[in-house]
1. Can you find even one residue in the range A:384-399 that is loosely packed, with under 12 Cβ neighbours inside 10 Å and more than 22 Å from residue A:371 (Cβ to Cβ)?
2. Is there a residue in the range A:91-107 that is in contact with a helix residue (DSSP H, G or I) (Cβ under 8 Å, 6 or more places away or on another chain), part of a loop (DSSP other than H, G, I, E, B) and surrounded by fewer than 22 Cβ atoms within 10 Å (Cβ to Cβ)?
3. Given the condition within 16 Å of ligand 1 (Cβ to nearest atom), within 24 Å of residue B:80 (Cβ to Cβ) and in contact (Cβ under 8 Å) with a residue 24 or more places away in the chain, answer yes or no: does some residue in the range A:136-154 qualify?
4. Would you be able to say whether some residue in the range A:30-45 is at pLDDT 95 or above, more than 17 Å from the chain's Cα centre (by Cα) and within 20 Å of residue A:176 (Cβ to Cβ)?
5. Hey, among the residues in the range A:45-64 that are within 15 Å of ligand 2 (Cβ to nearest atom) and at the interface with another protein chain (Cβ under 9 Å from one of its Cβ atoms), which one's surrounded by the fewest Cβ atoms within 10 Å (Cβ to Cβ)?
6. Return yes or no: is residue A:119 farther than 19 Å from residue A:17 by Cβ and basic (Lys, Arg)?
7. If I ask for residues that are assigned to a loop (DSSP other than H, G, I, E, B) and either small (Gly, Ala, Ser) or within 16 Å of ligand 2 (Cβ to nearest atom) (or both), which ones from the range A:232-291 would you list?
8. Within the range A:219-229, identify whether any single residue is touching a strand residue (DSSP E or B) at 6+ places or on another chain (Cβ under 6 Å) and either in a loop (DSSP other than H, G, I, E, B) or within 16 Å of ligand 1 (Cβ to nearest atom) (or both), and answer yes or no.
Amino acid sequence: MLGRAFGTYDVVVIGGGPAGMAAALGARDAGSERVLILDREPEVGGILQQCIHAGFGLHYFDQELTGPEYAERFFTRVVDQDVDVQVDSYVSGVAVDSSGEKRVRVMSAEHGLVTVPTRSVVLAMGCRERTRGQIRIPGTRPAGVLTAGLAQKMVNMLGVLPGKRVAILGSGDIGLIMARRLTLEGCEVVGVFELMPHSNGLTRNVVQCLDDFGIPLHLSTTVTRIHGSDRVNAITVAPVDAQLTPDHSQARDVACDTLLLSIGLIPENELSQSLGIHIDEVNTGGPWVSSTLETSMPGMFACGNVLHVHDLADFVTREALLAGQFAAEHAAGVRRPKDDIQLVPGDNVRYCMPHSLSTEREHTIYLRCKEPMRPAWLSVGGDLLTKRLQFVVPAEMIMLKIKPDVLERFHGDTLRIDLHAEKGGAA
Amino acid sequence: MSGAQETKELVCVGCPVGCPLQLTHEGTKLVEVHGHECNRGAKYAKQEFKDPRRGLATTVIIEGARWARLPVKVSNPVPKGRVLEAARLIHAIVAKAPVSVGDVLLTGLFGEENLEVVATRSMERV
Ligand SMILES: Cc1cc2nc3c(=O)[nH]c(=O)nc-3n(C[C@H](O)[C@H](O)[C@H](O)COP(=O)(O)OP(=O)(O)OC[C@H]3O[C@@H](n4cnc5c(N)ncnc54)[C@H](O)[C@@H]3O)c2cc1C
Ligand code: SF4
């Protein structure tokens, strides 16, 4: 397919997960003729191919699908829509010339090093898992310490079990889902340990993945040491206080041969950073984007987990369809007026997305809270728009639509979003 | 009657929202359900009260494909207490590529007509 690539593409999408596939479809739908998806893996689908559990598609298809089923539906559409797909292709860079045309640098065994010219680029590279190094667990460095997502791929695709007696650090959804998955495969899961006083995963996953199988969840507890020379043979765990400092006097050892880390995801920023794209280091950890999901580099858009870590593939799809549409507009030479409202997170809001808004249309914004609250009052721009939410938890992204008439009042200003326990109240 | 009423708390697992449900029952008779944001929640509460079941997704060995495992699911929820047993039975299946999404690999799990093991993705022969 890259043989055809000597003509210029309208849109090149980097990454073929749910974000990349939807971006490509969004671009085709908005009129782009030539759209290409590049992925380094041997097939598209991204992380969905290893997420074999059900829980995808309820919003988008009104039907509960497994990850691979969700991926295959989109792949069928991608093929129907004549989107070019090139797998086994690693994107190592993008060069931008003075006219704004981009050249995507691709490495593959089949074609060697090739550059693909395009008018727009969509970044859809997904995210990375945080590793032991990032939380600096003391102890030896034996085999048997690995990230939960890697274990998921080993078990679900490669057919290899990571160990027999498994402890899991972190109660995010990946950790919870792997606890059940390994139990089904005959491993003994000795416990899930969570630093925070609440689980970081969806409640349904705590119920279905731990409670159903009698797997204990130890909140406000962390792993303070790893033991073993060649292979893990135990971990030390200790409760933590309100400042998250471990109380070593109450430490105890737990025998296990494997420690899975499910300690968070971070947008895959290597490529974005090398391109000089402005990253929101404080809040999302991904690129800064305008209301058209355009990064600080004109004609380069971002969506999905590379932009901010999503818990629902359905939201990824929705966001990416938009990114694709705006990328197609850019390729066709359409330039929208610049945003003139900055969107900023306030009390109990970890981040909100996108980073700026315009008054020309309705916007869908996404936000995540810092602490659980039940109920929670969401307020936009002070008391301009308030909404009662039954409850908010960090694991669930909150979606909100804002109409132009609310935005009119904030021309050239910042618009702040807060979550309070009481209406009109302080945090 | 008032003395016989009891309550039970559940979390709806129907979708990622995870609504907290309050069930009021008199012995084995469910009186009412609160806390669900949609009808699936009420249905879930009734089912969970009477015959708790869980969806099951796992993998089976596949020969002649790019990957060593093929993801599968059971077409309908299986009895909650028999999930591990179901997984063991399914793990004995060996599929052969090519497989198409939706292919049925086993019918009548536990002798229940509507419990089919189906492939959740296509895998070509390599
Ligand atoms: C364990 C787990 C459970 C989940 N459960 C649910 C659930 O129940 N329901 C739900 O709706 N959502 C769930 N999600 C979330 C959802 O799966 C993700 O949010 C979604 O898959 C993210 O899509 P993406 O396209 O942004 O990233 P990905 O799926 O990660 O895709 C990124 C793609 O980019 C490619 N790539 C990266 N860098 C390069 C490069 N330089 N060159 C070429 N290609 C590159 C990668 O190979 C990959 O294919 C879950 C996620 C995980 C990890
Ligand atoms: S009641 Fe409806 S919205 Fe609430 S968790 Fe159940 S299925 Fe989801």
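The values are calculated or read from the model by the stated rules, or taken from the named source; none is laboratory data. In this text the structure is predicted, and so the values were computed from the model without any measurement. Here the Cβ is made from the backbone with ideal geometry for all residues, glycine too, and neighbour counts use every protein chain on show.
1. Among the residues of the range A:384-399, not one is loosely packed, with under 12 Cβ neighbours inside 10 Å and more than 22 Å from residue A:371 (Cβ to Cβ), which makes the answer no.
2. There is no residue in the range A:91-107 that is in contact with a helix residue (DSSP H, G or I) (Cβ under 8 Å, 6 or more places away or on another chain), part of a loop (DSSP other than H, G, I, E, B) and surrounded by fewer than 22 Cβ atoms within 10 Å (Cβ to Cβ).
3. Residues of the range A:136-154 within 16 Å of ligand 1 (Cβ to nearest atom): A:146-154.
Subset that is within 24 Å of residue B:80 (Cβ to Cβ): A:152.
Next, from what is left, pick out any that are in contact (Cβ under 8 Å) with a residue 24 or more places away in the chain: A:152.
Checking the range A:136-154: at least one residue is within 16 Å of ligand 1 (Cβ to nearest atom), within 24 Å of residue B:80 (Cβ to Cβ) and in contact (Cβ under 8 Å) with a residue 24 or more places away in the chain.
4. Scanning the range A:30-45, I find no residue that is at pLDDT 95 or above, more than 17 Å from the chain's Cα centre (by Cα) and within 20 Å of residue A:176 (Cβ to Cβ), so the answer is no.
5. The selected residue is A:59.
6. yes
7. Filtering the range A:232-291 for residues assigned to a loop (DSSP other than H, G, I, E, B) gives A:232-233, A:241-245, A:247, A:251, A:256-257, A:262-264, A:268-269, A:275-278, A:280-286, A:288-291.
If the condition is that a residue be assigned to a loop (DSSP other than H, G, I, E, B) and either small (Gly, Ala, Ser) or within 16 Å of ligand 2 (Cβ to nearest atom) (or both), then A:242, A:251, A:262, A:264, A:276, A:285, A:286, A:290, A:291 are the ones that fit.
8. Filtering the range A:219-229 for residues touching a strand residue (DSSP E or B) at 6+ places or on another chain (Cβ under 6 Å) gives A:220-227.
If we keep only those that are either in a loop (DSSP other than H, G, I, E, B) or within 16 Å of ligand 1 (Cβ to nearest atom) (or both) as well, we get A:220.
Yes; the residues of the range A:219-229 include at least one that is touching a strand residue (DSSP E or B) at 6+ places or on another chain (Cβ under 6 Å) and either in a loop (DSSP other than H, G, I, E, B) or within 16 Å of ligand 1 (Cβ to nearest atom) (or both).
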